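These notes are about the structure you will find just below.
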Amino acid sequence: MSQRQRDGFQWALVFCLLGIVCMPIYAAEPSFDLEPQFGGGAESSPDPGASQVLPPLKLPESSQKSVIKKPLLRLKTVVLRGNTVLTEEEVKAVVAPYIQKDLNTEELQSLRQKLTMLYVNRGYINSGVVIPEQAPVDGVLLLQVMEGKLVEVFLEQESTLDENYIARQIAKEVSAPLSLGDIEAGIRRLEINPLIRRVDGRLLPADKIGEARLGLKVEENNPFSVTTSLDNHESPSVGAERGSLILEHLNLSGHRDELRFSLAATEGLRKAFVSYRLPFWEDLMSFGIHYERGTSEVVERPFDDLDIEGDTENAAVSLGYHFIDTLDRKVSLLSGIEYAYSETELLDQPYSFSSGAQQGETVSASVRLGVEWVERWDSQLLALRATVRRGVDWLGSTMIEEGAATRELDTGAEIPDSRFTIFLTQAQWANRLTLLDSQVLVNLAWQQSRDPLLSVDKFAIGGKHTVRGFRENALLRDSGAYANLEWRVPLLRDNPEWSGWELTAIPFFDYGRSWDRDDNLTTHSAATLTSIGVGLTARPMDDLYMELFYGKQLKDDDYQAGQEHDLQDEGIHFSVSYRWSPNT
């Protein structure tokens, strides 16, 4: 081996010792834990910044020999090749003390190491600077940056999750040059998945300089769970108090496909729901389908003696394309076909309670197109969704026949059918505050219809998820909007004296506004509901969740409480749920 080859090998060894070390990688605690909601947490890991320190550089004795042919070099200029991270100002600040000085081998090594540490201190743990063999001319020193990259992700133990899926999730957060922050982001991304409880990783050297391999150990959650709940989130006309049973499997065939089945019942309502979702094409797309069927009867006085009954069916097929999908940003294109059916009877005879119904039946079919954008920062989240629905003459949808009347005889209002266009905009903003370690949450929704709508397509205002303090579906009209402002203040969090209870107070203000399109209707003028109140959520254990909200009505245009008293008329909304999984 020639002297040049030996020197080159020695510098490669030095760089390996500095840049690639076998070290554990942990996911830092997620910067923001809220998920956007239009419609299982991982355990915290140690702070990697406190424990992951590179070992001190120990140069082999032979590496003290200079790779520069001359024993001394008067440095005038440094040329740094291969750099995509450091700014010119950062490089100049390090190089400046060495300019116009006669440098020996030890001082050249000091310069090289300082430039390397600029990379290392910024988390680029397998990047560094080397001095290639050269004969400096006119005081010009050439330095080469070897920027690191990740060449392999592998599982260190058996897993039901596909190794290619794991690697893809990491790759979505990792770019060149490789940084510790990117790896932590990739691990956090994995831990967001409800199938995964915890991920630990080790960064290992690969075959070439600047290349690394990431070995992962994945602790999984059981994909099957059963949830039972009791709440008062249904309309009092069919019985507000509702019991529910939800069964779900989040990895039915081993391809992370999700199957959910639920049953719900009140005094006058029976409802079943099933849905299936399958990600495909390397998780860039997802296919979903759901079906819901329910039967109901009015149980609230004074209408309970009229035998008012109803049947409903809802179905949808959806397709999503995620053309940006990182931990900090997700942008998706949404599309789908929707079907809604409703039938009502009075005294065992078909009867139309709403405009547009034909012999008590309404059928709506529509196509939907939309876009969703989710943006995350260290302490904030912003989620936006905009969709447009267009009614179509499919699947036996309700249509006004040619030559038939298009307006009501008594009011002159236009009769609706399945030809309509609806614009729906939804938004959520959340911000974590240093004050009391609290959070501010804002929810907005706005539906605007260009046409009068069948009852199954109208926008509902009132109740737990829109304007608290009022009955569920207090206002049901063509268009509407609502806004919720919440301040979530933790009162208890992992307090040993309370056996790990989590208790949160939620002061809130709700606003809703609703109107019909046709100016021949008295409901064309917008009605407004507003309320102010406070809620309390409690989690005595990981799988038990309870909440209680009280809303005080401030404005109640066109709102009429039922003749039969209900907790919702007092502004009270409650929910208790328990989730069981075989590994809990």
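Listed by position, the strands (runs of 3 or more DSSP E) inside segment 254-305 whose residues that are in contact with a Gly (Cβ under 7 Å, 6 or more places away or on another chain), of a type in the set (D, E, K, R) and buried (at least 16 other Cβ atoms within 10 Å of the Cβ) number at least 2 are 269-280. The residue that is surrounded by the most Cβ atoms within 10 Å (Cβ to Cβ), among those in segment 409-435 that are among the aliphatic types (A, V, I, L, M) and modelled with pLDDT under 95, is A413. Applying the set (1) at pLDDT 95 or above; (2) within 18 Å of D516 (Cβ to Cβ); (3) buried (at least 18 other Cβ atoms within 10 Å of the Cβ); (4) of a type outside the set (A, V, I, L, M) to G463 leaves exactly one unmet item: (2). Evaluation of L529 against the conditions (1) under 25 Å from P452 (Cβ atoms); (2) in contact with a strand residue (DSSP E or B) (Cβ under 8 Å, 6 or more places away or on another chain); (3) surrounded by fewer than 20 Cβ atoms within 10 Å (Cβ to Cβ) shows that the sole unmet condition is (3). Restricted to segment 93-110, and to residues there that are under 14 Å from V140 (Cα atoms) and either not assigned by TED's automatic domain parsing to the domain that holds K76 or not small (G, A, S) (or both), the residue that is surrounded by the fewest Cβ atoms within 10 Å (Cβ to Cβ) is Q100.
R329 meets each of the listed conditions (1) surrounded by 16 or more Cβ atoms within 10 Å (Cβ to Cβ); (2) in contact with an Asp or Glu (Cβ under 6 Å, 6 or more places away or on another chain); (3) under 26 Å from E258 (Cβ atoms) apart from (1). Set side by side, the residues S342, S332 differ, and just one is part of a strand (DSSP E or B), of a type in the set (G, A, S) and within 15 Å of the chain's Cα centre (by Cα), which is S332. Beta carbons closer than 6 Å, at least 6 apart along the sequence or on distinct chains, never pair a first residue in segment 105-122 that is on the phi > 0 side of the Ramachandran plot and of a type outside the set (S, T, N, Q) with a second that is modelled with pLDDT of 95 or more and part of a helix (DSSP H, G or I).
The values are calculated or read from the model by the stated rules, or taken from the named source; none is laboratory data. Just so you know, these numbers come straight off a predicted model, no measurement behind them. Backbone-built Cβ (ideal geometry, glycine too); neighbour counts: all protein chains shown.
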